[in-house]
Amino acid sequence: MLEKEMLERLKEIFSPIQSKYNLVANYTNDNWGKQLKEFVQEVASTNDNISFELIESDKLILTIQKNGKDSGIRFKGVPGGHEFTSFILAILNAEGLGKNLPDELLQKRIKALKGKIQLKTYASLSCTNCPEVVQSLNIMALLNENIEHEMVDGAIYKDEIEKHNISAVPTVYANGEELHIGASTLGNLLIKLEEKIGKEEIDLSSNEAKEFELVVVGGGPAGTAAAIYYARKGLKVAIIAERIGGQVNETVGIENIPSVAHTTGQTLAADLKKHIDEYNITILDQRMVEKVEEDGDNFILLTNMQEKIVTQQIILATGAKWRKLNVEGEEQYTGKGVAFCPHCDGPFFKGKDVAVVGGGNSGIEAAIDLAGICSSVTVLEFMPELKADKVLQEKLYSLDNVKVMKNVASKEVLGDNSKVIGLKLEDRSCGKLSDVKLDGIFVQIGLTPNTENFAALVERNKMGEIIIDERGRTSHKNIYAAGDCTTVPYKQIVIAMGEGAKAALTAFDERIRG
């Protein structure tokens, strides 16, 4: 099942392991069961400290034990595809060797979660958003003995998918109740669990304010470039971000960075992290800045982890997120027919009728991909004409099962209280309303900047973008901005990197000039 090169690589990765690990495989009498048996046998062959146990069963479950004790981590399926990394990291993190283990404050909060918690994540092995959620919850299970986490392969356990009306991954349940749908980070998932389950009080007396000469808010291409350029001047820098790489982590393929013919979002994010580690840059990840206060010549940044960060200069590089329709029914049916990632969630709509809202490049690319698996795809464009590149439009119109409706506005997502059944549209030329029967709606209408928490601090335009000048300055002295959260045209990775570097050089220049 695993190629020879991969087995050799696993031998190298697992070579520092000192603890004893046992892979308990409950296997079924079918092809899936055969694959699971081969998988654990091959993994165990890479290290003498890894053993396996085979138990014939009616369920396909892989449990990781450490030194004879259940780790709290289970994979209900064969952890291949993108979840192969989650499996490898589960062992490395159990050994304390993983590179994605949280800092001391986050570990305290995880250990303070109340009571027994049964977590279950429904995932797809082809989903690029699922691994971060699975890995985050696996970490919680390792750090808190009262937490158990099970990853469920939705392609195998279709009965459970149908029972819960799941049409988007990852979907997370906590003690049998829905907790979260879609991409997320450890920090955000922890906050949701604290709100839902509760937490014990923790001692924050050692959580003193940290001081830096510059704080970069955001860890995407703009933020990381800014931090690197400033740190190269020998100054003390921190990055506060939900995750390094930002939205880049969700990008499948990247082919437009000069000198890099092809890479993936996750690879680029890992490369950015590796580059950051070359400098004296403090990473405060899994966090968001909720408020900024002024204290003389200093700024005090308050995070959602109850921290105070003091700095003299700030670069805002918070990026953007997928724009929503903001119509009735959208929030209620997100994950129940309303989706934002055709790559991750498209397979749930095989043979069904779906719509793609948005006629730009991302929308037309999504429609083309979905046309290959769905019964029909209807493209809905607000403007009188599609905005996508000509080559994409030509491909779209060549498909027999695609319909294009222009100059229409989405007014309401229609559902039956459990799933999407249609969409109410308005013909913008005459105002006439009509209902379109649908099984799914993929929203692809661009991005909205993550700037809400800084609205009182810096000037923004009507789109919510931070207004900057040609050097990255904002309306507030010693606050700069870069990347997709700003008014800079063309939201591209390479442009964001350049803008981040420019903002950092401006900040340094103005520091030394007083």
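The values are calculated or read from the model by the stated rules, or taken from the named source; none is laboratory data. Being a predicted model, the structure only gives us computed values, none of them experimental. Because the Cβ atoms are built from the backbone with ideal geometry, glycine has one as well, and the counts that use them run over all protein chains shown. Note: areas computed on protein heavy atoms with side chains; ligands, DNA, RNA excluded. Shrake-Rupley method; radii C 1.70, N 1.55, O 1.52, S 1.80 Å.
Worth pointing out:
- Taking amide H as placed 1.01 Å from N in the peptide plane, Val152 has its amide H under 5 Å from the amide H of Lys76, Thr121, Tyr122, Ala123, each at least 5 places away in sequence or on another chain.
- Taking all pairs of distinct alpha-carbon atoms in the stretch 127-208, Kirkwood radius in angstrom: 14.1 Å
- Each semi-axis of the equivalent ellipsoid for the stretch 26-65 is √(5λ) with λ an eigenvalue of the Cα gyration tensor; in descending order they amount to 19, 11, 6 Å.
- Between the listed residues Ala209, Phe299, Ala261, the Cα displaced farthest toward the positive end of the dipole of the stretch 188-320, a dipole computed from Cβ unit charges relative to the Cα centre, is found at Ala261.
- Computed Kirkwood radius, in angstrom, where 1/r is averaged over Cα pairs of the stretch 306-380: 14.8 Å
- Directionally averaged projected area (the stretch 143-257, Cα convex hull): 11.3 nm².
- Where (i) 1.02; (ii) 1.22; (iii) 1.06 are the candidate values, the label of the one calculated here for Cα Rg over 2.2 N^0.38 Å is (i).
- Amide H contacts under 5 Å for Glu330, placed H, 5+ residues apart: Val413
- Segment Lys199-Asp400, length gained on full extension (0.36 nm per residue, minus Cα span): 66.9 nm
- Per residue, the average separation of C-alpha pairs within less than 8 Å and at least 6 apart gives the stretch 305-445 a relative contact order of 30 percent.
- Beta bridges by DSSP in the stretch 12-118, antiparallel share as percent, to the nearest 5: 60 percent
- With viscosity 0.692 mPa s and temperature 37 °C, the Kirkwood radius over alpha carbon pairs of the stretch 1-87 converts through Stokes-Einstein to a diffusion coefficient of 250 µm²/s.
- The fraction of Cα-Cα pairs per 10 angstrom bin, counted from 0 for the stretch 24-155, comes to 13, 44, 35, 8, 0 percent, rounded to whole percents.
- Relative packing of 122-133, 96-107, which averages over residues the other C-beta atoms within 10 Å, highest first: 122-133, 96-107
- Atom-type composition of the exposed protein surface of the stretch 1-68 places 44 percent of the accessible area on carbon and sulfur (1.4 angstrom probe).
- Looking at the stretch 197-312 alone, DSSP beta bridges between its own residues are antiparallel in about 50 percent of cases.
- Fraction of beta bridges assigned by DSSP in the chain that are antiparallel (%, nearest 5): 45 percent
- Averaging over all projection directions, the Cα-based convex hull of the stretch 374-514 occupies 12.4 nm² in the image plane.
- Relative to the Cα centre, the charge distribution of the stretch 58-188, modelled as +1 at Lys and Arg Cβ and -1 at Asp and Glu Cβ, gives a dipole magnitude of about 320 debye.
- Residue-by-residue Karplus 3J(HN,Hα) for the stretch 433-447, coefficients 6.51, -1.76, 1.60, Hz, glycine and proline x: 9, 8, 10, 10, 6, 8, 9, x, 9, 9, 8, 9, 10, x, 10
- Sorting 462-471, 223-232 by their mean Cβ neighbour count within 10 Å, with the most densely packed peptide first, gives 223-232, 462-471.
- Among Ile364, Ala388, Gly351 the positive-end extreme of the charge dipole of the stretch 332-398 (Cβ point charges): Gly351
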